[in-house]
Amino acid sequence: MYIIDFENIDVGYDERIILKDINLKIKDKEHFAILGANGSGKSTLMKLIQSQIHPRHTKEFKKEIFGKSRYSIFELRCNLGIITNDLHNYFEKEADYMSGFEVVLSGFYSSIGIFTHQDFTKEQIIKALEVIDYLEINDLKDKKVSAMSTGQLRKCIVARALIHDPKAFVLDEPTVGLDIKAQINFIKILRKLSLKATIILVTHHLEEIFEEIKNVALIHNNTIYKVGKKEDILTSENLSQIFDTQLKVKEKNKRYFIEEII
């Protein structure tokens, strides 16, 4: 089954086209990185995957998620674990009174906060505790968001998404704001999640592309410039093109990095 099956899609706002001729297929359990410069359209692609925006109907296209062209947003949210900086910032600013456990529990209703009209079953509470234990964040269960570091809150938000056992996780530049230690720890969590679900990582940092990610799509000139196996796509030539500067790409221990700017 394809998690994502997009063909010939244009998207934009008002009269302005942001992405054009988008063709992208991601299979179940096939881990993908979507790489592009700032302003290349990565965030727009994220919104397309989440069905926050929709293709233009000016030409024939195909847009299927989990093999369906029609689906409820709630169904989509259960099957897609979305981790964005916008969601993180919203919890940080609007829900700093919540505990880590409450952040995780809120995933059952996709809400920011826990409300009196929301009833949680014994099974749901057990599931939240199991997820916390699986991600090894028991130390955050009773900690308030206001007292958490950026990395700690990010882990709780991942746990919130994991509550539905999604088939795929979509992560938008997930290590932004994390220090080096927190980045390393967070990548370890992503590698653990890759054993359970498809990982779709949207980034402009090569260092975030961990070993289990085998496929890469490059966004450039408002479209998907190239897509394929990681070793074929992450070349000096390709990355120099999409970042508009001369780069030298190196690989060591199945991880890629920029050795120097030429």
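List of remarks:
- Each peptide in 177-185, 32-40 gets a packing score, the mean of other Cβ atoms within 10 Å over its residues, and the list from highest to lowest is 32-40, 177-185.
- Simple label model, 7 Å out from Cα along Cβ direction - residue 150 to residue 86, nm: 1.9
- Pairwise centroid distance, computed over Cα atoms, of segment 1-67 with segment 225-247, Å: 20
- Here the simple spin-label model places points 7 Å from the Cα toward Cβ, and for residue 29 and residue 72 these points are separated by 2.9 nm.
- Normalised alpha carbon radius of gyration of segment 21-72 [divisor 2.2 N^0.38 Å]: 1.22
- Along each principal axis, Cα extent of segment 17-148, largest first, Å: 51, 31, 30
- Low-density loop cleavage sites - GluC sites (Glu not before Pro) in segment 119-208, where at most 15 other Cβ are within 10 Å (DSSP): 136
- Taking the Cα centre of the chain as reference, the dipole from Cβ charges on Lys and Arg (+1) and Asp and Glu (-1) amounts to some 420 debye.
- Total lysine pairs under 27 Å (Cα atoms) in segment 52-150, excluding pairs fewer than 8 apart on one chain: 11
- Using alpha-carbon coordinates, inclination of helix 85-94 to the longest axis of the chain, degrees: 30
- Computed lengthening from residue 62 to residue 245, 0.36 nm per intervening residue step minus Cα-Cα distance: 62.5 nm
- Candidate lysines for bridging to residue 230, where Cα separation is under 19 Å - those fewer than 8 sequence places away on the same chain excluded: 25, 27, 29, 42, 214, 248, 250, 252, 254
- Principal axis extents of the Cα atoms in the chain, from largest to smallest and rounded to whole angstrom, are 52, 43, 32.
- Karplus-derived 3J(HN,Hα), 6.51/-1.76/1.60, for each residue of segment 7-23, Hz, glycine and proline x: 9, 6, 9, 10, 9, x, 10, 6, 9, 8, 7, 9, 10, 9, 6, 7, 10
- Distance between modelled label sites at residue 214 and residue 236, nm, 7 Å Cα→Cβ extension: 2.8
- Taking 13 Å as the straight-line reach from the Cα of residue 226, the aspartates and glutamates in range (excluding those fewer than 8 positions away in the same chain) are 21, 237.
Values quoted throughout were computed directly from the atomic coordinates according to the rules given, and no laboratory measurement underlies them. Please read these numbers as outputs of a predicted model, since none were measured by experiment. We place every Cβ from the backbone using ideal geometry, glycine too, and count neighbours over all the protein chains shown.
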